[in-house]
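Novice: What follows is a single structure, and I will ask about it in a moment.
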Amino acid sequence: MAVARSKRRAASPAGTAGGERAGLMLTWDGVDKRRWMDLHGAVVMAPLEQTWMYGEAIAAGSPYRPTRGVVTRAGQPVAIVQALEWSVGRIARLAKVVRGPLFLGEVTEEECIAVHQLIAERWPMPRLNWFLFTPEMVDGDFARSVMGGLKLKQTVTGYSTAWLDLSLGAERLRAGLHQKWRNQLVAAEGEKLRIRDAHSGQALNWLLARYDADRKRKRFRAASGTFAAALALYAPRPKDVLLLQAERGSEPLAGVLFLRHGVSATYQIAYTSEAGRAANANRLLVWEGMQRLAAEGVRWLDLGGIDASMAGVSRFKLGTGAMPVTLAGTWM
């Protein structure tokens, strides 16, 4: 499942001023890849959607192009935001911010409001702009007040995900597993499956092909295998892509793909065959991934979406002891 790298011209390092509020200044496209990775990596519980590789993967397969902003206070970075922008015939623009901005430290409520205002000001509605804003804010009165203050209306209710703190250590993580999850992990360990790891190549192609076929068969609404391949392609380092397979004999029974970004990581896609489900192979792989990511310095694992429409998947994710978090939704 090959994905070609896009050949976009790099953004000017000088950047474009995006405005000032409450002593904060927003500059667009004034940061290079390494600096963005450093800033994103400094954020605790940083989502994949704000990584450099996510922006590049989107650009490789769609008309959207990433534009990245850094908010500073007296020259020091306070927050970052990656937006995806589609210019339609130089007349109109469609833009979206997905799970941003991200704050690098503590800010006041006034500063938080100012950052969101500075972002929204780039796409004023009267000028043929359509702007979709999905902020990385926990749903609640404050988040709704901030978004309502931007004169935006909620179009999609809050997205829920599950975050797992890997810094707890193996003993506490295992103790935090729900009883059924832990029992099935013990059963999987008794199967004596072989676990192999990879970063790309045939193992990745095997997982992507089976994941896509399974997704289409079950009509599961999720990112495609092609997009996962693009993310893996644009990952800054090979070790940022962790693919694990469980095997019995020469046949893989299950596979999972994790993507690392700074001190956070994302559980991206997975596939389990019928034999793999019987052996609880997916639980074994997720547990192994948790240990390996923690050993590499990853603190937080984003297990991804949970909701009532996929109860089994949600129970699986929450069974790890992960903390459910519901965000403020999408506003336009």
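To keep it simple, each residue is scored yes or no on (1) in a strand (DSSP E or B); (2) at pLDDT 95 or above; (3) assigned by TED's automatic domain parsing to the domain that holds GLY305.
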site	(1), (2), (3)
ALA175	no, yes, yes
LEU185	no, yes, yes
ILE195	yes, yes, yes
PHE220	no, no, yes
ALA229	no, yes, yes
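Novice: I'd like the full set of residues that are out of contact with any helix residue (DSSP H, G or I) (no Cβ under 8 Å at 6 or more places or on another chain) and in a helix (DSSP H, G or I), limited to the stretch 141-164.
Specialist: Result: ASP141, ALA143, ARG144, SER145, GLY148.
Novice: Among LEU285, LEU257, LEU244, LEU253, which is the only one that is at pLDDT 95 or above and more than 23 Å from GLY190 (Cβ to Cβ)?
Specialist: Result: LEU257 is the single residue among LEU285, LEU257, LEU244, LEU253 that is at pLDDT 95 or above and more than 23 Å from GLY190 (Cβ to Cβ).
Novice: In addition: State which residue is surrounded by the most Cβ atoms within 10 Å (Cβ to Cβ) when the search covers only the stretch 307-319 and only residues that are within 16 Å of THR272 (Cβ to Cβ) and at pLDDT 95 or above.
Specialist: Out of the qualifying residues, it is LYS317.
Novice: Can you pull out the strands (runs of 3 or more DSSP E) entirely within the stretch 20-119 that have at least 1 residues that are in contact with a Cys (Cβ under 9 Å, 6 or more places away or on another chain) and either at pLDDT 95 or above or closer than 24 Å to SER264 by Cβ (or both)?
Specialist: Output list reads 76-88.
Novice: Turning to a different aspect of this structure: So which pairs qualify, if the first residue must be in the stretch 230-247 and in contact (Cβ under 8 Å) with a residue 24 or more places away in the chain and polar (S, T, N, Q), the second must be assigned to a helix (DSSP H, G or I) and crowded, with 19+ Cβ neighbours inside 10 Å, the Cβ gap must be under 6 Å, and the two must be at least 6 apart or on different chains?
Specialist: Within 6 Å, no pair qualifies.
Novice: Can you find, within the stretch 29-79, the residue that is farthest from ALA230 (Cα to Cα) among those that are without any contact (Cβ under 8 Å) to a residue 60 or more places away in the chain and basic (Lys, Arg)?
Specialist: Step by step, filter the stretch 29-79, then rank; the result is ARG73.
Novice: Please find, among ASP139, ASP165, the residue that is crowded, with 16+ Cβ neighbours inside 10 Å, touching a residue at least 60 places away in the same chain (Cβ under 8 Å) and outside the structural domain of HIS40 (by TED's automatic domain parsing).
Specialist: One residue alone meets the criteria, ASP165.
Novice: Here's a follow-up. Please go through the stretch 287-306 and give me each residue that is surrounded by fewer than 19 Cβ atoms within 10 Å (Cβ to Cβ), within 17 Å of the chain's Cα centre (by Cα) and not in a strand (DSSP E or B), ordered by number.
Specialist: ARG299
Novice: Could you please find all residues in the stretch 120-140 being more than 18 Å from TYR159 (Cβ to Cβ) and not in a loop (DSSP other than H, G, I, E, B)?
Specialist: Looking only at the stretch 120-140, we keep the residues that are more than 18 Å from TYR159 (Cβ to Cβ), and these are 120-130.
Residues satisfying the conditions are ALA120, MET125, PRO126, ARG127, ASN129, TRP130.
Novice: Determine which member of the set ALA279, ALA275, ALA228, ALA223 is surrounded by fewer than 24 Cβ atoms within 10 Å (Cβ to Cβ) and within 17 Å of ALA60 (Cβ to Cβ).
Specialist: So the residue among ALA279, ALA275, ALA228, ALA223 that is surrounded by fewer than 24 Cβ atoms within 10 Å (Cβ to Cβ) and within 17 Å of ALA60 (Cβ to Cβ) is ALA223.
The values are calculated or read from the model by the stated rules, or taken from the named source; none is laboratory data. Bear in mind that the values here come from a model prediction, so they are computed numbers and not experimental data. All Cβ positions, glycine included, derive from the backbone under ideal geometry; neighbour counts span all protein chains shown.
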